[in-house]
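In what follows, a structure is listed as structure tokens, so that the remarks can point back to it.
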Amino acid sequence: MIVKKVLLVGSFGVGKTSLVRRFVNNEFSEDYISTIGVRVSTKMVQANKQVLKLLIWDIAGTEKNERIPKAYFLGSSAAMFVFDLTREETYLNITEYIDEIKELSGLDKFIVIGNKVDLLSTTELEEVKSLIPEEIDFITSAKKDENVEDAFKLLAEISLK
Amino acid sequence: MIPVKIEERFIQINTDLSGSILEIVAGTFAEQEFTINDSIYKTCPFLETTLDVVNINETFNIDSMVIVSQEQEFYVDVEAFKNENSISIIIINRSNVYQYVKQLNQNRNDLSIVKHKIARQNKELEKLRKIADLANEEKSRFLAVMSHEIRNPLNSILGYADMIASETTNPLVKDYVRSLLTAGKNLNVIVGDVLDLSRIEAGKLNLANEPISIKKIIENRVKNYKLKYNGSKIQINYFISDELPKKVLGDSVRIAQILSNLISNSFKFTEQGNITVKSELATDEKKSVIVNFSVSDTGRGMSPDQLKKIFKEYEQTELSDSLVHGGAGLGLSIVKNLVELMHGKISVESKLNIGTTFTLQIPFQKITSSIKVKDGKLKYGKEKYDLNGIKVLLADDDKMNQAIGSHLLEKEGSDITIANDGLEALLQLKKKAFDLVLLDINMPNMSGEKLMTQKELFKKYNSKTPILALTGNTSKDDVKRYFTLGFSWVISKPYTAEDLVTAICSVLKK
């Protein structure tokens with residue numbers, strides 16, 4: 001059995017836990033319960049014609065100047081950076097943040113996810129996109145179950161590389 | 001020996017390098033979840049792949065991991081140590097501590113999200129405020145344009161009506177013209193009211209602060225209304241307390257406007273009886289006074305419901321009976337706004353079929369030797385100046401205004417040259433000398449304002465020629481700008497023959 005450890009990182013309240021809950025249990029709750037430390041969920045997924053067990057580390061959201069302990073990345077194969085499309089402060093310094101995580105984790109490739117698209121109009125979304133210097137892999141909504149499956153599928157594929 | 005309490009909160013397990021449980025060394029916490037020869041990853045999936053890469057003889061720590069035991073979640077700290085043959089794993093239940101950490105974390109994050117929401121709402125409000133400001137500016141601009149567009153033809157209507165009235169002998173025509181003049185003047189008042197209200201709302205109405213005599217203002221107002229309603233069944237009287245200072249600092253035009261609106265209102269709603277205007281001293285301080293004004297009538301009064309709406313805009317037509325009076329219903333709203341702009345108060349008492357009393361309290365500064373009054377305004381002179389033979393250039397793109405201006409001045413014996421726009425006016429001014437120029441502000445090709453910036457071009461013949469502005473834009477800012485540009489006087493449209501001739505005489509006398 002192939003087992004891959006993947007991490008979800010990003011500011012607090014961006015919807016990391018909601019994305020995991022949607023992906024693993026197909027559930028969504030409007031209530032915001034902040035995560036402390038780490039919560040690990042597992043799911044069997046198929047990627048690149050292989051079945052693998054994905055260990056999804058949902059890491060507590062950080063605030064400015066807070067660093068994720070390096071130990072969390074030990075043995076990881078890929079990571080997903082999640083930001084909240086409606087909160088500028090969650091994507092303002094996205095490049096610096098990703099560079100810092102890359103250095104800390106030794107991981108090469110991150111996938112970038114903009115979540116909570118259900119709260120934006122098309123025009124607002126275009127405005128936000130124009131402000132982000134990084135390539136966004138998926139625009140998601142955990143609430144409306146938009147692109148969540150695809151985002152994790154990509155994460156699984158990357159973890160195999 | 002491990003104390004019991006600690007033992008209940010931790011467990012130490014040894015596994016082989018593949019994660020298979022070799023022994024449970026100590027502790028009872030979640031003991032039932034771990035079985036010898038089972039994989040540790042069954043209970044602690046988070047350790048899978050991680051333990052593989054922990055270096056030999058190195059410790060690995062993770063804080064606040066979630067594990068599930070007997071369908072209950074626990075927050076634990078995990079410590080793992082790897083040697084050549086096995087891995088020792090210690091799991092400590094810190095749920096009690098992390099429960100508080102979780103609550104603090106939740107509060108911090110909630111607070112931050114609320115702050116974000118407020119910031120977002122403020123941003124939205126700011127956006128809306130900007131939109132509202134733009135709309136308001138657009139409204140003011142529209143009103144200014146409309147004012148010009150309405151006042152220009154109104155000037156023609158009133159001018160021609162005046163001319164017909166002075167030249168016809170036919171009593172029926174005189175009667176028609178009187179009606180025409182009344183309607184035109186009413187329309188002029190409405191345009192003025194709408195503009196005043198929009199200026200007040202936009203905060204663009206500046207009050208003058210010059211020496212005024214309250215007594216004179218009231219006497220003049222009452223005198224005018226006595227003349228206007230001569231022969232009616234209404235008596236207008238006034239009482240002015242001797243205690244009032246002879247002069248105070250204030251805005252005579254706006255005080256007169258307030259009183260006129262209140263008196264007009266009384267006349268509108270009084271068929272017969274009395275209207276009384278009173279002014280008394282309310283308080284007398286070292287540097288200021290508060291003056292009480294009241295306008296009472298014995299008219300039909302108002303019901304409590306009507307009274308509630310009395311200062312609202314456009315409410316006149318809402319009055320319950322079918323009697324609809326002239327005007328746009330803005331008069332009392334303007335009065336209230338003006339009184340408040342003067343930091344005063346207004347109240348009203350009324351009884352149906354008995355009458356109504358409006359009471360005002362307005363503070364005024366006293367005139368003391370330390371207060372220097374700036375009064376740069378030109379006043380109309382009373383002296384008559386002989387306009388016979390003077391050369392006048394009249395520049396106005398409106399043919400009717402040209403005809404009225406020409407007619408009025410030709411009657412005085414003036415020599416009139418007409419220019420149809422600013423460019424034609426400039427050519428005339430470059431060509432010959434005039435004694436006086438009447439310059440419309442809004443003209444095609446070159447506006448009056450633009451022409452005034454080209455004075456160098458016509459200084460050869462007209463460097464000292466007085467130039468008077470003809471305009472419907474008569475806000476304080478506009479007038480100030482016209483004077484700065486070099487206009488000698490500003491004649492507000494619509495103007496009467498007397499307004500025009502008096503202004504010209506005043507300027508030429510100087």
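Among B:144-151, B:222-229, B:358-365, what's the highest-first ranking by average C-beta atoms within 10 angstrom per residue? Don't skip to the answer; put the middle values down first.
Values: B:144-151: 17.2, B:222-229: 14.6, B:358-365: 20.0.
Highest mean packing first, the order is B:358-365, B:144-151, B:222-229.
Checking a compactness column here: for the protein assembly as shown, what do you get for Rg(Cα) / (2.2 N^0.38 Å), N being the number of residues? Spell out each step's value before the answer.
Numbers: Rg = 42.9 Å, N = 671, 2.2 N^0.38 = 26.1 Å.
The reported ratio for this selection is 1.64.
Dipole of segment A:17-161 computed with +1 at Lys/Arg Cβ and -1 at Asp/Glu Cβ about the Cα centre; of A:PHE23, A:SER77, A:VAL51, farthest Cα towards the positive end is A:VAL51. Computed from Cα positions, the angle between helix B:331-341 and the longest principal axis of chain B comes to roughly 70 degrees. Dipole magnitude for segment A:54-118: computed about the Cα centre from +1 point charges on Lys and Arg Cβ and -1 point charges on Asp and Glu Cβ, it is near 200 debye. Dipole magnitude for the protein assembly as shown: about 4220 debye, using +1 per Lys or Arg Cβ and -1 per Asp or Glu Cβ, origin at the Cα centre. Checking the a/c ratio against 1.5 first, then a/b against b/c, what shape does the Cα gyration tensor give for segment B:156-248? Oblate, since a/c reaches 1.5 and b/c is not below a/b. On a full-extension model of 0.36 nm per residue, what is the gain between B:SER303 and B:GLN106, subtracting their alpha-carbon distance, rounded to one decimal in nm? Computed gain between B:SER303 and B:GLN106 is 65.1 nm. For the protein assembly as shown, which whole-number percentage of the solvent-accessible area (1.4 Å probe, protein heavy atoms only) is attributable to carbon and sulfur atoms? Exposed carbon and sulfur together represent 50 percent of the surface. Between B:LEU485 and B:ILE24, the contour length at 0.36 nm per residue exceeds the Cα-Cα span by 156.1 nm. Which entries in the list B:LYS399/B:LYS455; B:LYS247/B:LYS268; B:LYS432/B:LYS460; A:LYS129/A:LYS153 go over 20 Å, if you measure between the two C-alpha atoms of each? Result: B:LYS399/B:LYS455; B:LYS247/B:LYS268; A:LYS129/A:LYS153 exceed 20 Å. Take each residue in A:107-114, count the other chain C-beta atoms within 10 Å of its C-beta, and the mean is 0. Would you please give the FRET efficiency between B:VAL97 and B:LYS130, computed as 1/(1 + (r/R0)^6) with r the Cβ-Cβ distance and R0 = 45 Å, to the nearest 0.05? Efficiency, from the Cβ-Cβ distance: 0.35. Zone of A:ILE2 (label point 7 Å along Cα→Cβ, backbone N under 19 Å): which residues in segment A:131-161? In segment A:131-161, the label zone of A:ILE2 (backbone N under 19 Å from the point 7 Å along Cα→Cβ) covers A:149-161. Taken along the Cα-to-beta-carbon direction at a fixed 7 Å, the label points for B:VAL53 and B:ALA433 span 10.0 nm. Under a GNM of chain A (C-alpha, springs under 10 Å), which listed residue has the highest mean-square fluctuation: A:VAL82, A:VAL45, A:VAL20? Result: A:VAL45 has the largest fluctuation of those listed. Computed over protein heavy atoms with a 1.4 Å probe, the accessible surface of chain B works out to 55 Å² per residue.
Taking a threshold of 20 Å on the Cα-Cα distance, which of the pairs B:LYS139/B:LYS450; A:LYS53/A:LYS161; B:LYS246/B:LYS286 fall above it?
Correct reply: B:LYS139/B:LYS450.
Taking the Cα centre of segment B:161-240 as reference, the dipole from Cβ charges on Lys and Arg (+1) and Asp and Glu (-1) amounts to some 360 debye. Taking chain B as the reference, fit the longest principal axis to its C-alpha atoms, fit the long axis of helix B:422-431 to the helix C-alpha atoms, and give the angle between the two in degrees, 0 to 90, nearest 10. Helix B:422-431 sits at roughly 50 degrees to that axis. The length gained on full extension between B:SER463 and B:GLN72, counted as 0.36 nm times the residue separation minus their Cα-Cα distance, comes to 131.0 nm.
What's the local net charge at A:TRP57, with K and R +1, D and E -1, over the other residues with C-beta under 14 Å away?
Numbers: positive: A:LYS4, A:LYS5, A:LYS16, A:ARG39, A:LYS43, A:LYS53, A:LYS70; negative: A:ASP58, B:GLU48, B:ASP63.
Neighbourhood net charge equals +4.
Shown for segment A:27-41: residues covered by the partner protein chains by 40 Å² or more of accessible area relative to the chain by itself (probe radius 1.4 Å), namely A:TYR32, A:SER34, A:ILE36, A:VAL38, A:ARG39, A:VAL40. With contributions of -39500 (n - 2.57) from each DSSP H run of at least four residues, the per-residue ellipticity at 222 nm computed over chain B stands at -14000 deg cm²/dmol.
For chain B, the longest principal axis of the alpha carbon atoms and the long axis of helix B:497-509 meet at an angle near 90°. The share of alpha-carbon pairs in chain A lying farther apart than 18 Å comes to 56%.
The values are calculated or read from the model by the stated rules, or taken from the named source; none is laboratory data. If you're wondering where the values come from, they're calculated on a predicted model, not measured in any experiment. Neighbour counts are summed over all protein chains in view; Cβ atoms, including those assigned to glycine, are modelled from backbone coordinates with ideal geometry. Just the protein is used for accessible areas: all its heavy atoms, side chains included, with ligands, DNA and RNA removed. Shrake-Rupley method; radii C 1.70, N 1.55, O 1.52, S 1.80 Å.
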